[in-house]
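Everything on this sheet refers to the single structure shown next.
The values are calculated or read from the model by the stated rules, or taken from the named source; none is laboratory data. Note that the structure is predicted; figures quoted are calculated from it, not measured. Here the Cβ is made from the backbone with ideal geometry for all residues, glycine too, and neighbour counts use every protein chain on show.
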Amino acid sequence: MRILVAEDDLVSRRLLQTLLAHWGHEVVTCVNGREALEQLQSPQPPPLAILDWLMPEMDGVDVCRQVRAPQSADRPYLIMLTTRGRHEDIVEGLEAGADDYVTKPFNSAELRARIRVGERMLELQAGLAARVQELEEALHRVNQLEGLLPVCSYCKRIRDDHGNWQRMEAYISAHSTAQFSHGICPDCYEQSVAPMLRELRAAGGKKHG
């Protein structure tokens with residue numbers, strides 16, 4: 001997994017980079033909050049980020065707020081890393097949009113465990129997004145006419161699932177996104193309309209005669 005590390009302290013950044021690479025992750029590093037925000041708002045952002053609280057240009061809390069401002073399906077998992085361990089600080093970081101909180105100096109086993117939690121959450125998020133897409137596609141299929149339609153041979157009405165007979169236009173409109181406009185085909189014109197017009201002309205001629 002690609003993981004973003006935003007840390008201005010060189011020693012901490014190198015330590016995180018070495019640990020994450022050893023655990024099999026691809027690491028992207030930043031030295032300030034502005035660079036971190038640009039990475040997280042890029043077309044293909046890292047799915048997980050470890051953000052230092054105090055950084056130049058923009059701190060980790062502000063990065064969290066900016067990333068969480070637009071609601072999107074691809075929400076990165078954000079772990080705040082800081083020396084601040086007061087309850088008030090933890091609450092502030094979580095309310096800003098952080099998903100987890102690790103205090104410095106961190107324990108490598110704890111950090112790895114929290115990253116694994118993030119991986120599981122991202123998998124659940126991806127699974128949920130895929131399920132939503134499946135449901136949307138299923139709904140789209142429901143709105144398409146499929147299968148055998150029972151049509152009356154005489155009046156051309158269609159029997160619905162409840163046994164009611166509906167006009168074909170009403171049934172199709174209820175079960176699809178199709179819209180209707182009415183016209184007269186050449187065969188019907190010759191069979192029905194033309195004879196009627198001839199009768200009307202003949203009647204009119206007799207009246208004037």
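Every residue, every condition in (1) out of contact with any helix residue (DSSP H, G or I) (no Cβ under 6 Å at 6 or more places or on another chain); (2) in a helix (DSSP H, G or I), yes or no:
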site	(1), (2)
Pro70	yes, no
Leu81	yes, no
Arg84	yes, no
Glu88	yes, yes
Leu94	yes, yes
Ala98	no, no
Pro105	yes, no
Glu110	yes, yes
Arg114	yes, yes
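The combined condition, being buried (at least 19 other Cβ atoms within 10 Å of the Cβ) and touching a residue at least 24 places away in the same chain (Cβ under 8 Å), is fulfilled by Met80. Selection of the range 43-68 for residues being in a strand (DSSP E or B), aliphatic (A, V, I, L, M) and within 10 Å of Gly33 (Cβ to Cβ) yields only Leu51. Within the range 91-115, being exposed (fewer than 13 other Cβ atoms within 10 Å of the Cβ) and under 24 Å from the mean Cα position of the chain (by Cα) holds for one residue alone: Glu95. Suppose the filter is out of contact with any His (no Cβ under 8 Å at 6 or more places or on another chain) and either loosely packed, with under 10 Cβ neighbours inside 10 Å or at pLDDT 85 or above (or both); does Leu128 pass it? When the stated conditions are applied, Leu128 does not pass them. Residue-level analysis places Leu20 outside the set of residues that are closer than 23 Å to Glu123 by Cα, assigned by TED's automatic domain parsing to the domain that holds Arg114, within 21 Å of the chain's Cα centre (by Cα) and of a type outside the set (Val, Ile, Thr).
No other residue among Lys206, Lys104 is out of contact with any strand residue (DSSP E or B) (no Cβ under 9 Å at 6 or more places or on another chain) and either at pLDDT 80 or above or among the charged types (D, E, K, R) (or both) apart from Lys206. Based on what the data block shows, is Pro46 closer than 30 Å to Gln133 by Cα, of a type outside the set (Asp, Glu) and touching a Lys or Arg at 6+ places or on another chain (Cβ under 7 Å)? Answer is yes for this residue.
Against the numbered list (1) closer than 26 Å to Val11 by Cα; (2) at pLDDT 80 or above, Gly85 comes up short only at (2).
The rows are residues; the columns are (1) more than 27 Å from Leu128 (Cβ to Cβ); (2) in contact with a His (Cβ under 9 Å, 6 or more places away or on another chain); (3) of a type in the set (D, E, K, R).
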residue	(1), (2), (3)
Ile3	no, yes, no
Glu7	yes, no, yes
Ala21	yes, no, no
Arg34	yes, no, yes
Trp53	yes, no, no
Gly60	no, no, no
Gln66	no, no, no
Thr83	yes, no, no
Tyr101	no, no, no
